[in-house]
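Report on the structure given below.
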């Protein structure tokens with residue numbers, strides 16, 4: 001799902017269109033910069049796109065041809081002027097209707113991360129003159145075409161996001177597994193490393209026993225909070241830990257449900273940790289969370305490694 005927004009005000013040489021997507025910024029960015037995905041959604045309803053080259057970097061060329069429902073071709077030659085990963089793309093566009101006059105403008109796409117894994121995309125197209133802007137709106141239906149293109153992107157993002165996902169990660173820690181197991185399971189340590197980079201845990205409750213519960217409230221750098229909780233199913237110290245994991249909404253409802261198994265293997269005094277976690281989106285918007293699952297757990301394990309090193313030094 002996505003939300004169409006009113007056209008923001010701009011100069012008489014501009015077209016500005018915005019839309020908010022129920023998808024994380026990294027996923028939206030990848031859908032824009034991966035040619036194999038771009039051809040699935042670029043252009044208004046009924047259009048198809050073929051890409052000759054798409055080199056997304058400053059100075060890189062993007063040559064593509066759009067084909068309308070009536071068979072008319074619209075060749076485009078673009079040059080990327082600015083590319084700021086996950087944030088901003090600026091390109092100059094030289095296009096035309098087949099055998100028609102050229103259309104030139106500079107297009108800026110911005111990608112803003114907003115609440116709960118959503119992304120607001122804003123397109124700003126600047127034309128050489130107000131008259132040229134008006135001609136493109138009248139002859140090509142540029143505003144409606146832009147809105148339809150973003151609508152197709154929304155549909156693509158919804159299809160691209162999984163309903164279920166499993167992630168398996170392995171790390172080797174230069175520490176005995178008794179220590180690694182303790183840092184994973186004891187509240188004073190868990191509170192310091194759980195969650196992605198720069199997240200904190202103002203609430204961390206642990207009842208480490210089969211059938212016992214844990215509850216953690218993660219706080220993002222922007223202040224948004226993400227409650228999670230679960231039940232310990234198996235505890236074999238210091239070899240194996242199995243627990244359920246539920247991501248909760250602000251109203252206390254479950255949005256993700258899953259199961260995590262952590263193995264702690266002794267390898268010559270070091271510890272090989274294997275994490276196997278799977279999750280299923282219970283509500284539609286939670287599918288966006290699954291896309292960031294691997295990155296989130298990887299960052300958590302990075303923080304776990306730092307905590308283990310700190311405590312080994314002590």
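To check my understanding: the extent here is largest minus smallest coordinate of the Cα atoms along each principal axis. What are those three numbers for the stretch 113-253, in Å, largest first?
Result, largest extent first: 73, 36, 27 Å.
Which of 49, 277, 203 moves most in a GNM of the chain, Cα contacts under 10 Å?
203
Over the chain, with a Gaussian network built from C-alpha contacts below 10 Å, which listed residue (130, 31, 295) shows the highest mean-square fluctuation?
Among 130, 31, 295, the largest mean-square fluctuation in the Gaussian network model of the chain belongs to 130.
Considering all projection directions equally, how large on average is the shadow of the alpha-carbon convex hull of the stretch 164-313, in square nanometres? Show your work: numbers first, answer last.
Details: hull surface 32.9 nm².
Hull-based average projected area comes out at 8.2 nm².
Taking every pair of distinct Cα atoms and averaging 1/r, then inverting, what Kirkwood hydrodynamic radius in Å comes out for the chain?
For the chain, inverting the mean 1/r across all distinct Cα pairs yields 22.2 Å.
If you stretched the chain out fully between residue 270 and residue 294, how much longer would it get, using 0.36 nm times the residue separation minus the C-alpha to C-alpha distance?
Value of the extension gain: 6.3 nm.
Just so you know, all these numbers are worked out from the coordinates, no wet-lab data involved. Keep in mind that this is a model prediction, so the values were computed, not measured.
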